[in-house]
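Q: I have a structure I would like to understand better, so I am pasting it below and will then ask my questions one at a time.
The values are calculated or read from the model by the stated rules, or taken from the named source; none is laboratory data. If you're wondering where the values come from, they're calculated on a predicted model, not measured in any experiment. Cβ coordinates were reconstructed from backbone atoms using ideal geometry, including for glycine residues, and neighbour counts include every protein chain displayed. To get the accessible areas, we keep the full protein, side chains included, count just its heavy atoms, and leave off ligands, DNA and RNA. Shrake-Rupley method; radii C 1.70, N 1.55, O 1.52, S 1.80 Å.
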Amino acid sequence: MSEDAKRISRHLIEEVYNNGRLDLVDELIAPGYVGHDPSLPRDTTGQAAEREIAAGYRAAFPDLVVTIEDQIAEGERVVTRWTARGTHTGDLWGIPGTGKEVTVTGTSIDRIKDDRIVESWSNWDALGLMQQLGVVPAMAQA
Amino acid sequence: MFSFFTEHEFMPCEDCGASVARVEREKHVCDEKRRTEYQLFRLSRSEIASSEEELGSYLATAEGRFHVWYAERDRRRAA
């Protein structure tokens, strides 16, 4: 189960987020899916919402590449530590494209059931993203 | 409000926009193609916005209105 679960989580990142295969969302995400991400205004519920999230990130960062740095699975849960890199050329949450390349890290836990992701918990460096886009000022290094 | 946050480990290069790690910042050399694309991207965004405004203002002047009329006249003659 653990290796199959890893494969599903990996497939979502590599095919949907990296290659833009939004048509695979229904295959990888369960209809009753719930995604928890404190950087988003609300939970992501259902396949269409997850597709919309992925499409939004890909529109903002068309060359988006998420690299899996580490993956640990136990039972029906998969923990993935990832690094995302992309060039901000499209609108993101109302921020028009800046042309800046950004690097962001995060960790996601997926719960897998019947070969699809039914629930996810993600924590990623949204503040770092805002700093890199120039939206949040940073104190100069000492 | 957020000024107490230190600079991120990765920051985009101001000249080329590439994501550069803090430890590599001093030895970073911009890729020329990337720098050109980045500068054009930033330029086009602000220039397009300002040129549209300038054009609109110009076309509202007497000279601008005349040029619109003149161009329309040429277009009709050519047709």
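Q: Between A:ALA55, A:ALA73, which is more than 14 Å from chain B (Cβ to nearest Cβ), out of contact with any Gly (no Cβ under 6 Å at 6 or more places or on another chain) and over 19 Å from A:ARG111 (Cα atoms)? Walk me through it before giving the result.
A: Numbers: A:ALA73 fails: over 19 Å from A:ARG111 (Cα atoms).
Every option except A:ALA55 fails the conditions.
Q: Okay, next question. For the range A:102-110, indicate whether the set of residues that are touching a His at 6+ places or on another chain (Cβ under 6 Å) and either modelled with pLDDT under 95 or of a type outside the set (A, V, I, L, M) (or both) is non-empty.
A: no
Q: Quick one: A:ASN123 ticks every box in (1) without any contact (Cβ under 8 Å) to a residue 60 or more places away in the chain; (2) part of a strand (DSSP E or B); (3) polar (S, T, N, Q); (4) open to solvent by 30 Å² or more (accessible area, probe 1.4 Å) bar one, so which box is it?
A: Of everything listed in (1) without any contact (Cβ under 8 Å) to a residue 60 or more places away in the chain; (2) part of a strand (DSSP E or B); (3) polar (S, T, N, Q); (4) open to solvent by 30 Å² or more (accessible area, probe 1.4 Å), A:ASN123 misses just condition (1).
Q: Ok, one more. Which condition from (1) open to solvent by 10 Å² or more (accessible area, probe 1.4 Å); (2) among the β-branched types (Val, Ile, Thr); (3) not in a loop (DSSP other than H, G, I, E, B) is the one that A:THR89 breaks?
A: Result: A:THR89 passes all but (3).
Q: So for the range B:11-20 (the condition being open to solvent by 100 Å² or more (accessible area, probe 1.4 Å) and closer than 24 Å to A:LEU133 by Cβ), does at least one residue qualify?
A: Taking the range B:11-20 as the starting set, the residues that turn out to be open to solvent by 100 Å² or more (accessible area, probe 1.4 Å) are B:14.
Now drop any that are not closer than 24 Å to A:LEU133 by Cβ, which leaves B:14.
For the range B:11-20, residues open to solvent by 100 Å² or more (accessible area, probe 1.4 Å) and closer than 24 Å to A:LEU133 by Cβ: present.
Q: Same structure, new question: Among the residues of the range B:40-55, write down those that are under 14 Å from A:THR89 (Cβ atoms) and either polar (S, T, N, Q) or surrounded by fewer than 11 Cβ atoms within 10 Å (Cβ to Cβ) (or both).
A: B:SER44, the sole residue that qualifies.
Q: Looking at A:GLY56, A:GLY97, which is the one that is outside any strand (DSSP E or B) and touching a His at 6+ places or on another chain (Cβ under 7 Å)? Quick ask: steps written out before the conclusion?
A: On the way: A:GLY56 fails: touching a His at 6+ places or on another chain (Cβ under 7 Å).
After applying the criteria, what remains is A:GLY97.
Q: To continue, here is another question. If I go through the range B:15-50 residue by residue, how many of them are of a type in the set (Val, Ile, Thr) and farther than 14 Å from A:GLY99 by Cβ? Walk me through how you get there before you give the answer.
A: From the range B:15-50, those of a type in the set (Val, Ile, Thr) are B:20, B:23, B:29, B:36, B:48; that's our starting set.
Now narrow it down to the ones that are farther than 14 Å from A:GLY99 by Cβ: B:20, B:23, B:29.
The qualifying residues number 3.
Q: A further question on this structure: I'd like the full set of residues that are modelled with pLDDT of 95 or more, farther than 12 Å from A:ALA55 by Cα and either in contact with a Gly (Cβ under 6 Å, 6 or more places away or on another chain) or open to solvent by less than 40 Å² (accessible area, probe 1.4 Å) (or both), limited to the range A:1-23.
A: A:ILE8, A:SER9, A:LEU12, A:ILE13
Q: Separate question: Any idea how many residues of the range A:89-104 are in contact with a strand residue (DSSP E or B) (Cβ under 6 Å, 6 or more places away or on another chain) and more than 13 Å from A:SER39 (Cβ to Cβ)? It would help to see each step written out before you state the result.
A: Of the residues in the range A:89-104, the ones in contact with a strand residue (DSSP E or B) (Cβ under 6 Å, 6 or more places away or on another chain) are A:100-104.
Keeping just the survivors that are more than 13 Å from A:SER39 (Cβ to Cβ) gives A:100-103.
Residues in the range A:89-104 being in contact with a strand residue (DSSP E or B) (Cβ under 6 Å, 6 or more places away or on another chain) and more than 13 Å from A:SER39 (Cβ to Cβ): 4 in total.
Q: Does A:ILE117 satisfy the criteria of being touching a helix residue (DSSP H, G or I) at 6+ places or on another chain (Cβ under 7 Å) and either of a type in the set (Asp, Glu) or in a strand (DSSP E or B) (or both)?
A: yes
Q: Follow-up question, since we're still on this one. Going residue by residue through the range A:117-124, is there one that turns out to be touching a Gly at 6+ places or on another chain (Cβ under 8 Å) and within 11 Å of another protein chain (Cβ to nearest Cβ)?
A: No, the range A:117-124 contains no residue that is touching a Gly at 6+ places or on another chain (Cβ under 8 Å) and within 11 Å of another protein chain (Cβ to nearest Cβ).
Q: Sticking with this structure for a sec: Suppose we keep only residues that are within 14 Å of the chain's Cα centre (by Cα) and in a strand (DSSP E or B) within the range A:60-77. Which one would you say is surrounded by the most Cβ atoms within 10 Å (Cβ to Cβ)?
A: Once the filter is applied, the top-ranked residue is A:VAL66.
Q: Could you list all residues from the range A:100-120 that are among the acidic types (Asp, Glu) and in contact (Cβ under 8 Å) with a residue 60 or more places away in the chain?
A: Result: A:ASP110, A:ASP114, A:ASP115, A:GLU119.
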